[in-house]
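Worksheet for the structure shown next.
The values are calculated or read from the model by the stated rules, or taken from the named source; none is laboratory data. On a predicted model such as this, the values are computed, not experimentally measured, just so you know. Cβ placement follows ideal geometry from the backbone for every residue including glycine, while neighbour counts extend to all protein chains displayed. Surface accessibility is based on the protein's heavy atoms, side chains included, excluding ligands, DNA and RNA. Shrake-Rupley method; radii C 1.70, N 1.55, O 1.52, S 1.80 Å.
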Amino acid sequence: MPREHTWRYLGMAAAFALVGLLILWRAFYIQGSAEAADFLLQSEYYSRLLKTIYPPRGEIYDRNGNLLAGNRTVYEIGVELSSIQDPGAIAFALSNMVGTDYNSVLQKINTFNQNGSVYGILDDYVLPEKIDLLRAYNVNLPPEEEGSYHCSNDPALIALICRPHLARSYPERDLASNVLGFVTQDSNGNFGVEQKYQDLLAGIPEEIWVPTDPNRVQDLPDIPGGASLILTIDREIQAMVEDVLDQAMETTGAESATGIVMDPHTGEILAMSSTPHLDLNDYQQYVKLYDDNNPYNRATSEIYEPGSIFKVVTMAGAIDLGLLTPETVFNDTGIFYYGGIAIRNWNGQAWGEQTMLGCLQHSLNVCLASVGEKLGADNFYHYVQAFGFGYPTGVDLFNEAAGQLRLPGDPPQLACTGEDQDNCREIYWTDSDLATNTFGQGLSVTPMQMVIAVSAFINDGRMVIPHVVKGVIQNGMQYNIPPQFGGTPISAETAHTMTQMLSDSLEFESSLALVPGYRLAGKTGTAQIPDPNTGVYDPNQTNTSFVGWGPVDDPKFIVFVWLERPETSIWASETAAPVFADIVDRLVVLMNIPPDQQRQQVAEH
Amino acid sequence: MLKRSKEFIQAYKEAPWRRQMQMIGLVATGVIVLALIAGVYLNITARSATTGRLVQQLQSDRAEMEQSIEDLQTQLAFILSVEQMQKRSSDLGFAPVSPAAIMYLAVAEYQGRALGADLAPRAGSEFGAAPTLPAAYTDSLFDWLAALFADLGGY
């Protein structure tokens, strides 16, 4: 290498070295500059993405694993503002294929543009069938790449983004709607178990940072989904009860029908129905179907005067105190004066000498008012409260009512008639309340309370606590809920006596509630309804109900029926009792309960 | 004397071209080693990035599949709903049975229809959850070497 060229090489090397040093100097300068913290923050920001993971809402199953509430894929339709070619084409396609209002789409796009948005939502909760229509809008063009969220490959619609997500869906539509409740688009549960167990079902959304650098990829945390619930409801029994009650409404002309079927030993609700039913996939109809006078679930939220069905409580109290026996004789003169009022029987007639069994069998108001007098107010209301009236039963459903019970010494209650709030008066407990309360007028209960009170007759005097959730599945494990018992209002001996009396009274009466082959026990209840405008009882408007259970020697079910204002007859024995029999007739098949005779033969062998 | 010693050194001195060759060889070796290291590094990094992207894609696929499973379960439940099943059974000529038409037979030790079957293992019998992403996807080369040496050191 000639010496005269050496300086050139040295010069180039020096220049390169200088550039390198300058780069290094600049790097160190930036590291130490005031903006260094900002640069670091920006690099952190772009190195990862904040992603919110919403766990899928837990499913709801019936007791046999049939899905009652699940999740379906629906779509959010959004628009990328920068890719819009023709807003009119987008509005036209959405109005034709999805049913979104044409003008509303155009207006939204304009608003997004004015706000300088990059992306905006045009519609949500769109069913897959409609998205399929949109995707097939222009089939001659090559298909979109796999995993693309573009709704269509049509260049005019390329700005539309169809992003799938899950939404609540109810495969059984209106079945058990009063028990399930529903979930609105804000993901909140309303009524029933959906609201009662909202926190458990919804799970907890979690925000995580996902690194954009593939070299720093991490395992996504396993965010547990919402817990799933297994209900005590039996889908087949529920469908049957709803079917029978719907038929009963048609045949009797009742305004509403309510039914409960419960396992008397565990408190598990096998079926619970209340009209009207709501198609849970179209829950927007709620506002048309329900109001203050039509609660979502009458079985737990509506109170009514039970009428004669309540006589079982009065009679149980008197027997439990040893004041009388089923054979005690009462001379019914057809009228009984107490507390300044006259009590008469349902037919206004005198029934002469009657045993206590006869009093229940013929449902004599005069006799029961006399029993109430024997009990006295203190004892009577002690038993009423011991049976749980005046308190919620604790059933795990949203918005349970406690009933209305006026007790001696209670502060006055304000009673208003009609919609005129000026037409109110203060009501105190008086002796006449004791007389009317003994046969279920002047107090209000929920159907659920009546069922729980009767469960004491089956469980040696102990009441069960009702529940509709049988188990919870969380993190892949199932947690079953054991049966729980409430108070013990009466002795086992009284419970057996009452069962015998209520079974005999049905048979001696040749009640329409009887089902051939099965020995049942139960009681009818016919209660006049007070006119809301005048406060006076209307003899032609009644609530008819029936509560019964069977088979008497080994009870498997309690069935409660309530018909509001039946038109064909005002009497429970002619309206509610046959409905009870219809339910039991089909229930014994669904529950595989052989007739008493066959069951006893098997037991003997 | 001095001249002779210079001649002696000159005679035994390594030829300049040989020293240049040695220098070139040394530099070339260094460059090759550096190139090898860079190549291995690039290869590993590229594979790691590809695998990372694959993992991200699989995570996305898993989320989509979980969503799809939920959707299909619900669609299946629609098909098997009471209303649909009653219609199908009715179309097939079946009708609800009345209690009078049923003949019950006593079967020894038969416990009856099992109601309320468990849908998941009962609490108390749980198994440990398996990791969803193996260590091979998250370990760096150095982690792997460290683990390897640790394993070898154990023997």
P(r) of segment A:432-514 in 5 Å steps, Cα pairs, percent per bin? 3, 12, 13, 15, 20, 16, 8, 5, 4, 3, 1, 0
Along the positive direction of the dipole of the protein assembly as shown (beta-carbon charges: Lys, Arg +1; Asp, Glu -1; about the Cα centre), which of A:Leu134, A:Ser228, A:Gly189 reaches farthest? A:Leu134
Quick check: convex hull of the Cα atoms in segment A:391-450, volume per residue, rounded to a whole Å³? 120 Å³
For segment A:217-273, projected area of the alpha-carbon convex hull averaged over all directions, nm²: 7.1 nm²
What total accessible surface area, summed over both chains, is buried at the interface between chains A and B, computed with a 1.4 Å probe and given in Å² to the nearest 100? 3900 Å²
For peptide A:224-236, how many partner chain Cβ atoms fall within 10 Å of a residue's Cβ, on average? 1
Computed over chain A: longest principal axis from alpha-carbon atoms vs helix A:36-46 long axis, angle to nearest 10 degrees, is 60 degrees
Compute the Cα gyration tensor for segment A:422-479, then decide on rounded, prolate or oblate, letting a ≥ b ≥ c be the square roots of its eigenvalues: rounded whenever a/c is under 1.5, prolate when a/b is larger than b/c in the other cases, and oblate in all that remain. oblate
Taking only pairs that are 8 or more places apart or on different chains, how many Lys pairs in chain A have Cα atoms under 19 angstrom apart? 5
Kindly provide the helix-only [θ] at 222 nm of chain B, computed as the sum of -39,500 (n - 2.57) over DSSP H runs of four or more divided by all residues, to the nearest 500 deg cm²/dmol? -22500 deg cm²/dmol
Could you state how much accessible area B:Leu2 has, in square angstrom rounded to the nearest 10, with a 1.4 Å probe and all protein chains kept in place? 120 Å²
I'd like the carbon and sulfur percentage of the solvent accessible area for segment B:1-75, probe radius 1.4 Å, heavy atoms only, ligands and nucleic acids excluded. 67 percent
Radius ratio Rg over Rh of segment B:1-83, counting only Cα atoms, Kirkwood formula for Rh: 1.78
Taking R0 as 22 Å and r as the Cβ-Cβ distance between A:Thr212 and B:Glu64, the FRET efficiency 1/(1 + (r/R0)^6), rounded to the nearest 0.05, comes to 0.65
Per residue of A:469-480, what is the mean number of Cβ atoms on other protein chains within 10 angstrom of that residue's Cβ? 4
If you roll a 1.4 angstrom probe over the protein chains with everything in place, what fraction of the accessible area of segment A:162-246 belongs to carbon and sulfur, to the nearest %? 44 percent
How do the peptides A:61-71, A:185-195 rank, highest first, by the average count of neighbouring beta carbon atoms within 10 Å per residue? A:61-71, A:185-195
Rounded to whole Å², per residue accessible area for chain A with a 1.4 Å probe reads 46 Å²
Taking +1 at the Cβ of each Lys and Arg and -1 at the Cβ of each Asp and Glu, which of A:Gly340, A:His277, A:Phe310 sits farthest along the dipole of segment A:232-354 towards its positive end, judged by Cα position relative to the Cα centre? A:Gly340
Rounded to the nearest 10 degrees, the helix A:311-320 long axis (Cα) sits at an angle to the longest Cα principal axis of chain A of 70 degrees
Computed [θ] at 222 nm, deg cm²/dmol, chain A (DSSP H ≥ 4; -39,500 (n - 2.57); rounded to nearest 500): -10500 deg cm²/dmol
Label A:Gln598 and B:Gln73 with points 7 Å out from Cα along Cα→Cβ: what is the distance between them in nm? 3.7 nm
Over the heavy atoms of A:Leu397, what accessible area does a 1.4 Å probe trace out, to the nearest 10 Å²? 10 Å²
Three-way shape call for segment A:466-520 based on the alpha-carbon gyration tensor, with the a/c threshold at 1.5: oblate
Note down the nm distance, to one decimal, between modelled labels 7 Å out along Cα→Cβ at A:Leu407 and at B:Lys87. 5.4 nm
Considering only DSSP states other than H, G, I, E and B, which chymotrypsin sites (Phe, Trp or Tyr not before Pro) in segment B:1-44 qualify as loop sites with at most 12 other Cβ atoms within 10 Å? none
Contact-by-burial set, segment B:62-78, min loss 10 Å², accessible area of protein heavy atoms with 1.4 Å probe, reference chain alone, gives B:Arg62, B:Glu64, B:Gln67, B:Glu70, B:Asp71, B:Gln73, B:Thr74, B:Gln75, B:Ala77, B:Phe78
For a quick check of your reading of the filter: which GluC sites (Glu not before Pro) in segment A:283-386 sit in a DSSP loop and have no more than 16 other Cβ atoms within 10 Å? A:Glu327
Translational diffusion coefficient, Stokes-Einstein: compute it for the protein assembly as shown using the Kirkwood radius over C-alpha pairs as Rh, at 10 °C and 1.306 mPa s, and state it as an integer in µm² s⁻¹. 49 µm²/s
Compactness check, chain B: C-alpha Rg relative to the 2.2 N^0.38 Å globular estimate gives 2.63
To the nearest 10 degrees, how steeply does helix B:82-91 sit against the main Cα axis of chain B, on a 0 to 90 scale? 60 degrees
According to the Cα gyration tensor, what semi-axes, each the square root of 5 times an eigenvalue, does the equivalent ellipsoid of segment A:271-323 have, listed from largest to smallest in whole Å? 38, 11, 7
By how many nm would the segment from A:Ile341 to A:Asp554 lengthen if fully extended, with 0.36 nm per residue of separation less the alpha-carbon distance? 72.4 nm
If R₀ is 22 angstrom, what is the calculated FRET efficiency for the pair A:Thr52 and A:Asn190, using the beta carbon separation as r and rounding to 0.05? 0.40
Give the span of segment B:35-84's Cα atoms along each principal axis, as three whole-Å numbers ordered largest to smallest. 72, 9, 5
Taking the full set of protein chains and a 1.4 angstrom probe, give the accessible area of A:Ser104 in square angstrom, rounded to the nearest 10. 40 Å²
Segment A:549-581-segment A:406-470 distance, computed between alpha-carbon centres (Å): 21 Å
What does the charge count around A:Thr524 come to, taking other residues whose C-beta lies under 13 Å from its C-beta (Lys +1, Arg +1, Asp -1, Glu -1)? 0
Just need the relative contact order of chain A here, percent rounded to a whole number, with Cα pairs under 8 Å and 6+ apart. 14 percent
Roughly speaking, what is the centre-to-centre gap between segment A:1-61 and segment A:283-341 when only Cα atoms are used, to the nearest Å? 83 Å
May I ask you to rank A:Ile303, A:Ile77 by accessible area, largest first, using a 1.4 Å probe over the protein chains only? A:Ile303, A:Ile77
Accessible area per residue, Å², segment B:1-122 with all protein chains present, probe 1.4 Å: 85 Å²
